[in-house]
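This report concerns only the one structure given below.
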Amino acid sequence: MDKKLLLSNAKVINEGEIYVAEVIIEGDTIKDIIKHDSKDYQEFRNHAMKDNMEIIDLNFKYLMPGMIDDQVHFRDPGLTHKGDMFTESKAAAAGGITTFFEMPNTHPRTLTIDLLEEKFDNAKNKAFTNYSFYMGTSNENLDEIMKINPQKVCGVKIFMGASTGNMLVDDEEALSGFFKNSPVLIATHCEDEATINHNTQVFKERHGEDLSVDYHPLIRSHEACYKSSEKAVALAQKYDARLHVLHISTADELKLFRNDIPLKEKRITAEACTHHLWFCDEDYEKRGSLIKWNPAIKTKGDRDAIQKAVRENIIDVIATDHAPHTLDEKNNTYFKCPAGAPMVQHCLNVLFELYYQDKLSLEQIVEKVAHAPATLFQIENRGFIRKGYKADLAVFSVDKSERAESWTVDKSNVLYKCKWAPVEGISFHSKIHKTIINGELVYDEGKFKEDFRGERVSFSR
């Protein structure tokens, strides 16, 4: 018989509502949700006390569907000195993430079905949360892409600008082939390589090789992002492809997307990442190469426009683009410093701090990190607190009162394998208390169920 778990006195955030409820989990599934203001709440309480179930009193802390992070780089296989499937997914669980979708720019690059399935086999033994993996693209591997089972793979990734891993797809015929024939969603990294190369040459001629990171958003510029995103959208419209544009970083790109139809009807969607919602180019002076990402963090105006686009449903999903490197690697000179930083442990804290600052609502955050990814990728039975759905849940607190206490990120509480975080020194007014995955309490006030492993998610396509 499946064990029963009762989450009592939960302040549930789900599908645009916040209410107090009892949530019953049986095995790996949500069996019932009983609101405290419903007519059968008292009858349930009298019965529940006699029932054979474990009870966890949440004492009116918030309960949300676990975050589904649609873009991470866990560096496994081949780059595991930076991070690996176990260390990074464990950090993700501590951050309230219950499912991740991982990118193909590992070593070897995930360009064949066989290599893709090797990743899935690796995850069975190492992934602390649920998982799926993108298939990578090159100028030559359309035949492999056509073999994908849409029910088993989250999507394909096209690098329309070279980034870490050098998987640039720049052949026009190959690009058209992917947009015309891909059996699954296409996720794109959009930066125009010709523009970036031109800008690089100009700044090298003016200033030499020893540039500061302040030049990063000028080299990987607004123009580079818009030109590439516009091209991807045009290809998707031409071939009626399912396109998801990752990590929007400019206000200009937002005009390419729409918010006048429901998410389920959109063929072209957009993602924003935590760092583009939080940092701006003013932060390079203090944080330097630690906040060097591709696409680059740009102006305060861009950041504010992206926040507004989240509120207005132009941005559909929020993700992390978690991409660890060692401090030695990040401390290299500008052109030798790799782009990317770890974020899965702290993403929700950053978003809840935007709630603390009255820039996002809790309902909006839950929509963008849980409901929307589940809808957009057509994930089976996850991403919502509903009867019959998998019990993937996060418990957190956030305090906006004048007496609110905060905690500060430092190296002593960072869980990433690389042992640093781009948000070190920042104080947050929220805390992730517990994470439940497939009905199991896997993270509880700093302690982990060490032998737990997640499962491969399925898609109803």
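No other residue among Val395, Val366 is more than 17 Å from the chain's Cα centre (by Cα), β-branched (Val, Ile, Thr) and at pLDDT 95 or above apart from Val395. Within region 210-231, the set of residues being surrounded by fewer than 18 Cβ atoms within 10 Å (Cβ to Cβ), touching a residue at least 40 places away in the same chain (Cβ under 8 Å) and closer than 17 Å to Leu175 by Cα comprises Lys231 only. Of (1) in a loop (DSSP other than H, G, I, E, B); (2) of a type in the set (Gly, Ala, Ser); (3) closer than 23 Å to Asn59 by Cβ, Ala394 satisfies all except one. Which? Ala394 satisfies every listed condition except (1).
The residues in region 255-264 that are under 19 Å from the mean Cα position of the chain (by Cα) and within 19 Å of Leu277 (Cα to Cα) can be counted, and the count is 0. Return yes when Thr188 is closer than 22 Å to Arg461 by Cβ, in the same structural domain as Val310 (by TED's automatic domain parsing) and of a type in the set (S, T, N, Q) and no when it is not. Considered against the rule, which asks whether it is closer than 22 Å to Arg461 by Cβ, in the same structural domain as Val310 (by TED's automatic domain parsing) and of a type in the set (S, T, N, Q), Thr188 comes out as yes. Annotation note: Cβ proximity below 8 Å between a residue of region 438-461 that is assigned to a strand (DSSP E or B) and a residue that is among the acidic types (Asp, Glu) (sequence gap 6+ or interchain) occurs for Glu440/Asp28; Phe459/Glu380.
Within region 197-217, the set of residues being farther than 20 Å from Lys330 by Cβ and assigned to a helix (DSSP H, G or I) comprises Asn197, His198, Asn199, Gln201, Val202, Phe203, Lys204, Glu205, Arg206, His207. In this entry, Leu246 is excluded by the filter for residues that are more than 19 Å from the chain's Cα centre (by Cα) and surrounded by 17 or more Cβ atoms within 10 Å (Cβ to Cβ). Taken as a whole, the condition of being part of a helix (DSSP H, G or I), crowded, with 21+ Cβ neighbours inside 10 Å and in contact (Cβ under 8 Å) with a residue 40 or more places away in the chain applies to Ile306. The condition (being in contact (Cβ under 8 Å) with a residue 12 or more places away in the chain and either farther than 17 Å from Thr98 by Cα or of a type in the set (S, T, N, Q) (or both)) is satisfied by just one residue among Lys411, Lys390, Lys368: Lys411. Would you mind stating whether Lys298 is more than 21 Å from the chain's Cα centre (by Cα) and of a type in the set (D, E, K, R)? Considered against the rule, which asks whether it is more than 21 Å from the chain's Cα centre (by Cα) and of a type in the set (D, E, K, R), Lys298 comes out as no. State yes or no: is Lys264 over 25 Å from Trp420 (Cα atoms), in contact with a Phe, Trp or Tyr (Cβ under 8 Å, 6 or more places away or on another chain) and surrounded by fewer than 19 Cβ atoms within 10 Å (Cβ to Cβ)? No. When each of Phe60, Phe74 is tested for being on the phi > 0 side of the Ramachandran plot and within 28 Å of the chain's Cα centre (by Cα), the lone residue that passes is Phe60. With the condition being touching a Pro at 6+ places or on another chain (Cβ under 7 Å), I'd like the strands (runs of 3 or more DSSP E) fully within region 64-150 carrying at least 2 qualifying residues. So the answer is 67-72, 130-136. One residue stands out in region 2-30 among those that are in a loop (DSSP other than H, G, I, E, B) and at negative phi: the one that is modelled with the lowest pLDDT, namely Asp2.
Quick check on my filter: what residues within region 55-111 are under 22 Å from Leu5 (Cα atoms) and without any contact (Cβ under 8 Å) to a residue 60 or more places away in the chain?
Ile55, Asp57, Asn59, Phe60
For region 272-293, which positions are crowded, with 17+ Cβ neighbours inside 10 Å and either more than 22 Å from Lys368 (Cβ to Cβ) or of a type in the set (Phe, Trp, Tyr) (or both)? Outline the logic, then answer.
From region 272-293, those crowded, with 17+ Cβ neighbours inside 10 Å are 272-281, 283-284, 287, 289-293; that's our starting set.
Those that are crowded, with 17+ Cβ neighbours inside 10 Å and either more than 22 Å from Lys368 (Cβ to Cβ) or of a type in the set (Phe, Trp, Tyr) (or both): Trp278, Phe279, Asp281, Asp283, Tyr284, Arg287, Ser289, Leu290, Lys292, Trp293.
Among the residues of region 415-432, those identified as out of contact with any Leu (no Cβ under 8 Å at 6 or more places or on another chain) and either closer than 22 Å to Tyr131 by Cα or in a strand (DSSP E or B) (or both) are Leu415, Tyr416, Lys417, Ser427, Phe428, Lys431.
Checking the stated criteria, Ser89 turns out not to satisfy the condition of being at pLDDT 95 or above and touching a Cys at 6+ places or on another chain (Cβ under 6 Å). If you go through region 345-361 and keep only what is of a type in the set (Gly, Ala, Ser) and either crowded, with 18+ Cβ neighbours inside 10 Å or part of a helix (DSSP H, G or I) (or both), you end up with nothing.
The values are calculated or read from the model by the stated rules, or taken from the named source; none is laboratory data. This structure is a prediction, so every number in the text was calculated from the model and none was measured. Glycine gets a Cβ as well: all are built from the backbone with ideal geometry, and neighbour counts include every protein chain shown.
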